[in-house]
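The block underneath contains the structure these notes are about, expressed in structure tokens.
Bear in mind these aren't lab numbers, they're just calculated from the coordinates by the rules spelled out. These figures come from a predicted structure and were not determined experimentally. We place every Cβ from the backbone using ideal geometry, glycine too, and count neighbours over all the protein chains shown.
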Amino acid sequence: MRILVISPHELFRQHTQAACLRFKEALISMRVADSIGQGMSLAHQFEAEVVIIDLTRNVEAGLIAISELTAVPSPRMVVASIDKASTEVMGRAIRAGAREFIAQPVQDDEAHQVLRRAIRELSPHAAPAPSRGRIIVAFSSKGGVGKTTLSCNLALTLAQRYGPGSVAVIDANTQAPNISPMLDLRPERWLRDAVEQYRRLDGEMLKQIMTLHPSGAMVLAHSTDNPLGLDFEEDQLSKILLVAKANFDFVVVDTFPLLSSLNLALLDLADNIMLVTEAVVPALRSARYNLQVLRQAGYGPERIMLVMNRYTRFRGNVPVELAQETLDWPIEIVLPYDVNATIAANNGKGVVDMFPDARLSEQINLLAARLAGEIDTVPPPRSGMFDRLLTLVRGY
């Protein structure tokens, strides 16, 4: 295994060299470079299979280097390292092509584990590296709009479509977690266990901490008994999401209804943001504010999906067309109000499992297909008999 370390800091190079020297079962060849320019040239000459690049001196140049280092036909893993785990930098590094992170100050054990995973994945006899998944974050700064119900049912639908082990559900509602009771789970390990081990967390450890749902989805639940028993930092939850992304096809994340720095960090890592609202003025006002903030943060229609939940037609309710005009944003999917969702939640089941033929279940299936890239648009829900009678009698 040919390993290249690019860092202007001698101590950083020494720690990574020490991690390499711990390998006795694998043949390691190592080179070091003290500048990005020298490192890029050496990576080509040396045909490095693993490149560890230190971003502390020049983040922008380092990100460009990562893009160039990963734009080669031969297998290569790039490991990024930063002195303070900035979620923004981590997200940009992932998009540039980095597949692992080493926090600073470097710990020999952590560096050794990262290199061990690299050797396992890049070995000629190893199984192919896991495909990149999609992180789907359900968010609203207004509580009670149904994002937890939507997160659970979307995850169950994706698990049905893509099979066991393809979907992860992460309860990142650090204030009022509800995923485990909604899915009738009794986990033995929790989100706090992953947070406590986040420095050495990998896919295998994460799956050991998660709880298997009968659908085949893997759930990382947050304890409802003591949700505030542990302080969460942005880099800790970001690391968990990135590990999940590398090991599952879909990662569905539920969040706390607040535009906090923690939630913004999670949104920054999301491939799709489901902004959930309802056809009532308080929810629409909240959604309008959320969209303003997310626009300022640089998020566009390719990432934000506006979901109108619990919609029904009656006199005085805000029509979908008026809601779109007010929000100045297309409502991509409308989920109808369905009492079956409440019945299912009270039984610890998904509406898509308990009432698969319900109109709501049909729309959630279409939403899953849209997020998976199977379809480009989601048609509006079909009208039920009651809705059609109202339209006929009242004329609207």
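Data table
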read-out: FRET E, pair LEU264, GLU302, Förster distance 25 Å, beta-carbon r, rounded to 0.05; value: 0.90
read-out: Gained length - THR326 relative to VAL72, 0.36 nm times residue gap less alpha-carbon distance; value: 86.8 nm
read-out: Length released on extending from ARG120 to ALA369, taking residue separation times 0.36 nm less the Cα-Cα span; value: 86.3 nm
read-out: Computed FRET value (nearest 0.05) for ARG22 with LEU212, which takes r as the C-beta separation and R₀ as 30 Å; value: 0.35
read-out: Under Karplus coefficients 6.51, -1.76 and 1.60, residue-wise ³J(HN,Hα) of the range 145-152 in Hz, glycine/proline x; value: 8, x, 5, 5, 4, 5, 4, 4
read-out: Ellipticity estimate at 222 nm from DSSP helix runs (n ≥ 4, -39,500 (n - 2.57)) divided over the chain, nearest 500; value: -13000 deg cm²/dmol
read-out: Cross-link pairs LYS142/LYS349; LYS207/LYS239; LYS142/LYS245 - those with Cα-Cα distance over 19 Å; value: LYS142/LYS349; LYS142/LYS245
read-out: Theoretical FRET efficiency, 1/(1+(r/R0)^6), r = Cβ-Cβ of VAL59 and ARG31, R0 22 Å, to 0.05; value: 0.45
read-out: Computed label-point distance, nm, for sites ARG95 and VAL281 using a 7 Å Cα→Cβ extension; value: 3.8 nm
read-out: Simple spin-label estimate for ASP271 and TYR289 in nanometres, 7 Å along Cα-Cβ; value: 3.2 nm
read-out: From phi via Karplus (6.51, -1.76, 1.60), per-residue ³J(HN,Hα) for the range 263-278 in Hz, x at Gly/Pro; value: 5, 5, 5, 5, 5, 5, 8, 6, 7, 9, 10, 8, 8, 9, 9, 10
read-out: Within the chain: Cβ-based charge dipole about Cα centre, in debye rounded to nearest 20 (Lys, Arg +1; Asp, Glu -1); value: 560 debye
read-out: Cα gyration tensor shape of the chain, rounded if a/c is under 1.5, else prolate or oblate by comparing a/b with b/c; value: prolate
read-out: Tensor-based shape of the range 217-323 (alpha-carbon gyration tensor, a/c under 1.5 rounded, otherwise prolate or oblate); value: prolate
read-out: Computed lengthening from GLU10 to ASN340, 0.36 nm per intervening residue step minus Cα-Cα distance; value: 112.6 nm
read-out: Cα gyration tensor shape for the range 1-79, rounded if a/c is under 1.5, else prolate or oblate; value: oblate
read-out: Estimated vicinal HN-Hα couplings, Hz - the range 342-353 in sequence order (Karplus 6.51, -1.76, 1.60; Gly, Pro = x); value: 5, 4, 5, 4, 5, 9, x, 10, x, 5, 5, 8
read-out: Residues with amide H under 5 Å from that of MET77, placed H, sequence gap 5 or more; value: VAL50, VAL51
read-out: Options GLN175, LEU115, GLY348, ranked by Cα towards positive dipole end of the chain, top entry (Cβ charges); value: GLY348
